[in-house]
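Step one of this worksheet: look at the structure below.
The values are calculated or read from the model by the stated rules, or taken from the named source; none is laboratory data. What you see is a predicted model; the values in this text were computed from it and never measured. No Cβ is skipped: glycine too gets one built from the backbone with ideal geometry, and neighbour counts run over all protein chains shown. Just so you know, the surface numbers come from the protein's heavy atoms only, side chains and all, with ligands and any DNA or RNA stripped out. Shrake-Rupley method; radii C 1.70, N 1.55, O 1.52, S 1.80 Å.
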Amino acid sequence: MDDYQYLYTVSHVIYNLASLLVVISCIVIVTKKRTLATILMLIGSVFAFLFGIGSIYIYAFTEAYGTDSSIKMNAISNLISGLAYIIFCLGLLLFAISHFKKDRTKNEFLD
């Protein structure tokens, strides 16, 4: 059973490193172009990163209270993380729509 604990630890480390890279990328984007879209991306990525780190501590804290409370807190943590990713995705969608406007004709690459 201990082998699974190492796998979960490694997966959390990789996930949180990836989340940190997304936060750093969003900071760079916001410093270059400050719009509603980039700010939403930054807010969503920061919240997702914080809830990713916080879920580890929440799980460790609620583990002492039993399995039911751990499962309940894990579900709530996943729900909040999902909402943070929705904020990030809305910002990314707004950024993609506003930044990459279609200026070319449809058959430009076919000619």
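The table below lists the values:
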quantity: Summed residue charge, Cβ within 14 Å of CYS26's Cβ, Lys/Arg positive, Asp/Glu negative; calculated: +3
quantity: Residue-normalised accessible area of the chain, expressed per residue, 1.4 Å probe, Å²; calculated: 78 Å²
quantity: Relative contact order (%) - the chain, alpha-carbon pairs under 8 angstrom, separation at least six; calculated: 30 percent
quantity: 15 Å beta-carbon shell around TYR59, net charge (K/R +1, D/E -1); calculated: -1
quantity: Correct option for Cα extents along the principal axes in Å [calculated from the coordinates] among (1) 68, 21, 14; (2) 64, 29, 23; (3) 57, 48, 22; calculated: (2)
quantity: Full-extension gain in nm, LEU21 to ILE80, via 0.36 nm per residue minus C-alpha separation; calculated: 19.2 nm
quantity: With every protein chain in place, the chain: carbon and sulfur % of accessible area (1.4 Å); calculated: 70 percent
quantity: Helix-only [θ]222 nm of the chain, DSSP H runs n ≥ 4, -39500 (n - 2.57) each, per residue, nearest 500; calculated: -29500 deg cm²/dmol
quantity: Computed magnitude of the charge dipole of the chain (debye, nearest 20; Cβ of K, R +1, Cβ of D, E -1); calculated: 740 debye
quantity: Charge dipole (the chain, unit charges on Cβ, about Cα centre) - positive-most of VAL22, ILE53, TYR8; calculated: VAL22
